[in-house]
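Have a look at the structure below before the remarks.
The values are calculated or read from the model by the stated rules, or taken from the named source; none is laboratory data. Here the structure is a predicted model, which is why all the values come from computation and not from measurement. A quick note on method: Cβ atoms are made from the backbone with ideal geometry, for glycine too, and the neighbour counts reach across all protein chains shown. The protein model used for the area step is the full one, side chains on, heavy atoms only, and it has no ligands, DNA or RNA in it. Shrake-Rupley method; radii C 1.70, N 1.55, O 1.52, S 1.80 Å.
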Amino acid sequence: MTTKLIQKDLFKGSQEFELVDDHVNVRIKAPFKKEETLTVMLTVLDPEPVISKSLLHFKSRVNGESLISLYLEKPNTEEFNAFVSALKQRAFEEFNAFAGLQSTRMPTGESPNAFEEPPEFDDPDQNRLKRNLKHINVAKIDDAIQMLNTHLESEQTAPLISALEKLKEEPENEHRLEQVLHAFNELGPNQGAVLTYAPYVSILLYDDPFSNQ
């Protein structure tokens, strides 16, 4: 399995992606800019990429923002497709693992060629949050709060923890879940760290993991 991809572009610079356990290490060096490094957790990554112009984007399961953007067909089609396939599978496996789902392989027919755009579904955040209210687990919310308090700086996560505390008190209140979503979106690059220690947050905000069981 290909676990590393190095891409170079004459005008955009170079970027390197490496799959390591439950995350992707990213290094980006653009011309005349300081090298940028970041870590993207696989649990928050939507395993179905989207093509836009000359880029293939892997987006956040939670807010739909692009987390990983690859130059199409670089360094060559074979290496590119191999890495994309590996990344899709690992993202699928990692999410299923912490969501408690039994399947660890992408179902047949749901792993299209890297250059095929996935079908688009009309699934607004409002409808998704309403569905998720049916399966909120107060004990897991409490666990998430404790893990965030223990492992992350309180200044960064205070708004999210406050929103989770309110949701724990009113687990059937849709407005409280909306507040959690807003607080999570405001975290920006710190989303990955939050999901590392409190993966249940992704299940709360992304989708009902038991809807297809």
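Within the stretch 41-77, track down each residue that is among the hydrophobic types (A, V, I, L, M, F, W, C) and farther than 17 Å from Lys4 by Cβ.
Just the residues of the stretch 41-77 that are among the hydrophobic types (A, V, I, L, M, F, W, C), to begin with: 41-42, 44-45, 50-51, 55-56, 58, 62, 67-68, 70, 72.
Those that are among the hydrophobic types (A, V, I, L, M, F, W, C) and farther than 17 Å from Lys4 by Cβ: Met41, Val44, Val50, Ile51, Leu55, Val62, Leu67, Leu72.
What is the one condition in (1) open to solvent by less than 60 Å² (accessible area, probe 1.4 Å); (2) within 18 Å of Phe95 (Cβ to Cβ); (3) not in a loop (DSSP other than H, G, I, E, B) that Glu16 does not satisfy?
(2)
Do we have Phe115 as among the aromatic types (Phe, Trp, Tyr), exposed (fewer than 14 other Cβ atoms within 10 Å of the Cβ), modelled with pLDDT under 80 and outside any helix (DSSP H, G or I) here?
No, not satisfied.
Among the residues of the stretch 150-168, which ones are outside any helix (DSSP H, G or I), open to solvent by 50 Å² or more (accessible area, probe 1.4 Å) and in contact (Cβ under 8 Å) with a residue 12 or more places away in the chain?
Just the residues of the stretch 150-168 that are outside any helix (DSSP H, G or I), to begin with: 152-153.
With the extra rule that they be open to solvent by 50 Å² or more (accessible area, probe 1.4 Å), the set shrinks to 153.
Across the stretch 150-168, there are no qualifying residues.
Tally up the residues in the stretch 23-45 that are closer than 29 Å to Ala198 by Cβ, open to solvent by 20 Å² or more (accessible area, probe 1.4 Å) and modelled with pLDDT of 90 or more, please.
6
Could you please find all residues in the stretch 54-84 being more than 30 Å from His182 (Cβ to Cβ) and without any contact (Cβ under 8 Å) to a residue 60 or more places away in the chain? Can you show your working first?
First pass over the stretch 54-84, keeping only residues more than 30 Å from His182 (Cβ to Cβ): 54, 71-84.
Result: Ser54, Leu72, Glu73, Asn76, Thr77, Glu78, Asn81, Val84.
Kindly indicate whether Asn96 is polar (S, T, N, Q), touching a helix residue (DSSP H, G or I) at 6+ places or on another chain (Cβ under 6 Å) and open to solvent by less than 50 Å² (accessible area, probe 1.4 Å).
Working: polar (S, T, N, Q): yes; touching a helix residue (DSSP H, G or I) at 6+ places or on another chain (Cβ under 6 Å): no; open to solvent by less than 50 Å² (accessible area, probe 1.4 Å): yes.
Answer is no for this residue.
Find the residue count for the stretch 60-83, including only residues that are in a helix (DSSP H, G or I) and surrounded by 20 or more Cβ atoms within 10 Å (Cβ to Cβ). Step through it out loud before you land on a result.
Going through the stretch 60-83, the residues in a helix (DSSP H, G or I) turn out to be 77-83.
The next check asks that each one be surrounded by 20 or more Cβ atoms within 10 Å (Cβ to Cβ); those that pass are 80, 83.
The number of residues fulfilling the criteria is 2.
In the stretch 186-213, what residues are modelled with pLDDT of 85 or more and surrounded by fewer than 15 Cβ atoms within 10 Å (Cβ to Cβ)?
Glu186
Can you name every residue in the stretch 1-11 that is under 19 Å from Thr77 (Cβ atoms) and either open to solvent by 50 Å² or more (accessible area, probe 1.4 Å) or in a loop (DSSP other than H, G, I, E, B) (or both)? Break it down stepwise before answering.
Initial filter on the stretch 1-11 (under 19 Å from Thr77 (Cβ atoms)): 1-10.
Of everything in the stretch 1-11, those that are under 19 Å from Thr77 (Cβ atoms) and either open to solvent by 50 Å² or more (accessible area, probe 1.4 Å) or in a loop (DSSP other than H, G, I, E, B) (or both) turn out to be Met1, Thr2, Thr3, Lys4, Ile6, Lys8, Leu10.
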